[in-house]
Amino acid sequence: MTALDRLAERQLVVVTGKGGVGKTTLTAVLGRLMARRGRRVLLLEVDPRESLHQALGTEPSGGEVVPAGAGLSIQNLQPSAVIEGMVREKVPIAYLAHKITQSPAFHQFVEGAPGLKETALLGHAYRVLQGSHRPRTDLVIVDAPATGHSATMLAAPGLLAQASEGGHLGDMASDLAAFLADASRCGVVLATLAEEMPIQETLELIELLGTNLEIRPDFVVANGLYPVLASAPGRGSAKDLLRARRRMNESELDRLALAWDGPLLELPLLPLDRGPALVDALARLFEAADA
Ligand SMILES: Nc1ncnc2c1ncn2[C@@H]1O[C@H](COP(=O)(O)OP(=O)(O)OP(=O)(O)O)[C@@H](O)[C@H]1O
Ligand SMILES: [Mg+2]
């Protein structure tokens with residue numbers, strides 16, 4: 001089974017990695033590839049700086065679901081907006097719901113309750129998959145916050161379930177924790193550069209996910225690899241620099257291989273700006289590497 005075959009069986013996939021390694025780009029690439037396999041895919045972006053739409057060439061989401069080609073949609077989602085939406089559902093009188101969500105006590109609760117915001121985000125994905133939202137969705141891919149935060153996010157529903165001991169919120173959190181623990185339905189993809197700090201964070205996250213949550217990532221993507229210049233004759237400072245960068249990539253990949261024996265996909269650094277052309281080119285290379 002290839003990495004993409006395995007991913008196509010999932011309902012929820014969390015893409016994470018150190019800041020700037022290509023998480024958003026990879027989320028877009030995987031979204032395109034899964035949609036091409038006939039899955040109805042929603043990409044959820046957590047970062048309020050919104051950049052997923054640029055990768056796919058759509059309008060910014062601003063919280064709405066935006067179509068991004070056949071079988072693919074994107075949504076930028078802020079946890080506070082999800083929690084406020086939940087209050088509006090439970091309190092159908094608009095004026096009252098507004099009063100609650102604007103009250104200082106409510107804000108203190110949202111900010112103070114451990115794991116509430118993270119649970120709200122994943123809970124939104126879970127509800128989308130259960131079909132309570134249109135368009136129908138088979139697979140949600142979350143462009144998650146950087147490494148440390150994503151481990152917190154994945155642990156949050158379990159912790160919230162323990163802390164709240166039943167009740168509506170506790171039941172919701174414990175359903176969600178069970179869903180996240182189901183490795184046949186939920187997966188994690190780690191993005192990294194083959195450089196010292198991103199590889200270090202990747203190794204630490206693999207360890208953390210395994211020990212704390214018994215989660216083994218579906219695969220690791222080493223993104224932005226420098227080209228092999230062995231066949232290009234000649235010297236020159238630019239070529240020497242590229243060769244040195246490539247050697248660094250290779251030694252960092254060796255370091256990764258000592259601790260990670262699961263699937264590793266390699267993607268090159270391409271001379272393209274952020275946008276659909278980059279995503280399409282990386283999607284083609286991803287499929288070729290995964291074959
Ligand atoms: N393989 C690649 N080749 C060329 N450019 C790339 C590649 N992968 C990503 N990029 C570019 O690198 C930049 C960072 O990528 P991206 O925004 O996907 O990273 P990120 O991990 O989501 O960052 P952040 O942590 O800030 O959210 C973007 O401009 C993107 O277009
Ligand atoms: Mg990003």
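The values are calculated or read from the model by the stated rules, or taken from the named source; none is laboratory data. Fair warning: this is a prediction, and the values are worked out from it, not measured in the lab. For neighbour counting, all protein chains shown are included, and Cβ atoms are generated from backbone atoms with ideal geometry for every residue, glycine included. To get the accessible areas, we keep the full protein, side chains included, count just its heavy atoms, and leave off ligands, DNA and RNA. Shrake-Rupley method; radii C 1.70, N 1.55, O 1.52, S 1.80 Å.
Miscellaneous remarks
- Of LYS18/LYS99; LYS23/LYS117; LYS23/LYS239; LYS18/LYS117, pairs whose Cα-Cα distance is over 30 Å: LYS18/LYS99
- Taking amide H as placed 1.01 Å from N in the peptide plane, the amide H of ILE74 sits under 5 Å from that of LEU43, VAL66, ALA68, each at least 5 places away or on another chain.
- The chain, accessible surface, carbon-and-sulfur percent (1.4 angstrom probe): 55
- For ASN223, the amide hydrogen comes within under 5 Å of the amide hydrogens of THR192, LEU193, ALA194, LEU267, counting only partners 5 or more places away or on other chains and with H modelled in the peptide plane.
- With the simple model of a label 7 Å out from the Cα in the direction of the Cβ, GLU207 to ASP182 spans 3.2 nm.
- Among the GluC sites (Glu not before Pro) in region 72-169, those placed in a DSSP loop whose Cβ has at most 14 other Cβ atoms within 10 Å are GLU165.
- Per residue, region 24-141 exposes 48 Å² of solvent-accessible protein surface, assessed with a 1.4 angstrom probe and all protein chains in place.
- Taking all protein chains as they are arranged and a probe of 1.4 Å, the heavy atoms of THR119 leave approximately 0 Å² accessible to solvent.
- Based on C-alpha pairs under 8 angstrom that are at least 6 apart in sequence, the chain has a relative contact order of 24 percent.
- Considering only alpha-carbon pairs that sit under 8 angstrom and 6 or more positions apart, the relative contact order computed for region 1-158 is 33 percent.
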